[in-house]
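Here's the structure we're looking at; comments come further down.
None of the figures in this text is laboratory data; all of them are computed from the coordinates on show. Being a predicted model, the structure only gives us computed values, none of them experimental. Virtual Cβ from ideal backbone geometry, glycine too; neighbours counted across all protein chains shown.
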């Protein structure tokens, strides 16, 4: 599958998005992470420090801030396992719009509670991302809500791309950037920004082995879908989407150099390493990019300065306690 070049988000569009969302999302810092045994510079992009604890606020804000007054009055709806739900709820509250979130029954309680705290209405469904979409579409037909997609949308991609814009501003000579990937919003946006600013830098996506549909899609050149019973196995609840988005895949094909998959044990070990070394608290999805640096160096090109995106920090306390106290990898 290919996407027309003029359909890829431009640097101008990304910069406009950065200016637009400046009052809602923050410019997160790069935190140095001197992991033992790695001579190169490793920096972590701390998206876990966003107001909602995840990068998703960028895309949600960019989309919602471009709605007309009539659309705001109709209210917004999305389907999400947690972080995008919070982003939509937070941005909708900022403009005075009603927010309805279709959320899987296995979403972490901490993410569900935060979404409700931001004033959203939550509709619970089963675990399949396809089921979330179907219920959301039915509610749109019934109530006329405006859909804020979690990833397959140009305005969402442009919003997430502001993370990549910041990385280059903060570390101009970065030569390797790693991003989690599931639906592809963050990876497609970040890769678009990085490659248009630093064409020689390498960009890699990282996802769990147990939810490796994007890696398979990248390898075969066509979007494949994994059933929910497979993707729901991973501890990385933010990366359980069953297939990458069409627009996202087009950007990934145009700008991404490779996709690496990591094991559950590697994700958990990366969580511990991030906490011990950088004093950041990642959720499992936020640790996968670092896991690739720590355990899959043989699949990466040579680099001097790398950035791994810690995409979120909304981890349940009981899970965090378990990960921190279990036997190390």
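When the square roots of the Cα gyration tensor eigenvalues are ordered a ≥ b ≥ c, the ratio a/c for segment 57-147 is 1.5 or more and a/b does not exceed b/c, which makes its shape oblate.
Against the main long axis of the alpha-carbon atoms of the chain, helix 83-95 sits at an angle near 50°.
Packing-based ranking of 181-188, 75-82, 64-71 yields 181-188, 75-82, 64-71, ordered from highest to lowest mean Cβ neighbour count within 10 Å. Using the alpha-carbon centroid of each, what span in Å lies between segment 6-29 and segment 194-209? Between the Cα centres of segment 6-29 and segment 194-209 lies a distance of 18 Å.
In whole Å, what is the distance between the alpha-carbon centres of segment 107-176 and segment 240-288? If we compute the Cα centre of each part, the gap is 16 Å.
Using a Förster radius of 35 Å, what is the FRET efficiency between residue 70 and residue 246 based on their Cβ-Cβ separation? Nearest 0.05, please.
The pair residue 70/residue 246 has a calculated efficiency of 0.80.
Computed over the chain with a Gaussian network model linking Cα atoms closer than 10 Å, the most mobile of 63, 27, 155 is 27. Counting only DSSP beta bridges with both residues in the chain, the antiparallel share comes to about 10 percent. With helices as the sole contributors, the chain gives -13500 deg cm²/dmol at 222 nm; each DSSP H run of n ≥ 4 counts as -39500 (n - 2.57), and the sum is divided by every residue.
Rounded to the nearest 5, what % of the DSSP beta bridges within segment 57-147 are antiparallel ones? Walk me through the intermediate numbers first.
Working: 0 of 11 bridges.
The antiparallel fraction comes to roughly 0 percent.
Here each label is just a point 7 Å from Cα along the line to Cβ, and for residue 263 and residue 35 those points are 1.5 nm apart. What angle do you read, to the nearest 10 degrees and between 0 and 90, between the alpha-carbon axis of helix 129-143 and the longest principal axis of the chain? Its long axis makes an angle of about 30 degrees. In µm²/s, what is D for segment 41-92 at 4 °C and 1.567 mPa s, where D = kT/(6 pi eta Rh) by Stokes-Einstein and Rh is the Kirkwood radius from Cα pairs? Answer, rounded: 109 µm²/s.
In terms of surrounding Cβ atoms within a 10 Å radius of their Cβ, 237, 124 rank from fewest to most as 124, 237.
Between residue 254 and residue 325, the FRET efficiency from the beta-carbon distance, with R0 = 45 Å, is close to 0.55. In segment 249-270, which residues have a backbone nitrogen under 20 Å from the label point lying 7 Å from residue 200's Cα in the Cα-to-Cβ direction? Label zone hits: 255-258.
Quote to one decimal, in nm, the extra length available between residue 11 and residue 229 on full extension: 0.36 nm per residue of separation minus the C-alpha distance between them. Display every interim value, and only then the final one.
Numbers: separation 218, 0.36 × 218 = 78.48 nm, distance 3.82 nm.
Full extension from residue 11 to residue 229 adds 74.7 nm.
Given axes a ≥ b ≥ c from the Cα gyration tensor, I'd like to know whether segment 122-187 is rounded (a/c under 1.5), prolate (a/b larger than b/c) or oblate. Taking the square roots of the gyration eigenvalues as a ≥ b ≥ c, segment 122-187 is prolate.
What ranking do 310-318, 288-296 get when scored by the average of other Cβ atoms within 10 Å per residue, highest first? If you can, show how the numbers build up before the last one.
Values: 310-318: 22.1, 288-296: 26.9.
In decreasing order of mean packing, 310-318, 288-296 become 288-296, 310-318.
The slack in the chain from residue 297 to residue 117, taken as 0.36 nm per residue of separation less the alpha-carbon distance, amounts to 60.7 nm.
Assuming R0 = 35 Å, can you tell me the calculated FRET efficiency for the pair residue 316 and residue 143, based on Cβ-Cβ distance, to the nearest 0.05? If you can, show how the numbers build up before the last one.
Values: r = 32 Å, r/R0 = 0.90.
The value I calculate is 0.65.
Could you tell me how many degrees, from 0 to 90 and to the nearest 10, lie between the Cα long axis of helix 284-295 and the main elongation axis, the longest principal axis, of the Cα atoms of the chain? The angle comes out near 20 degrees. Checking the a/c ratio against 1.5 first, then a/b against b/c, what shape does the Cα gyration tensor give for segment 234-307? Taking the square roots of the gyration eigenvalues as a ≥ b ≥ c, segment 234-307 is oblate.
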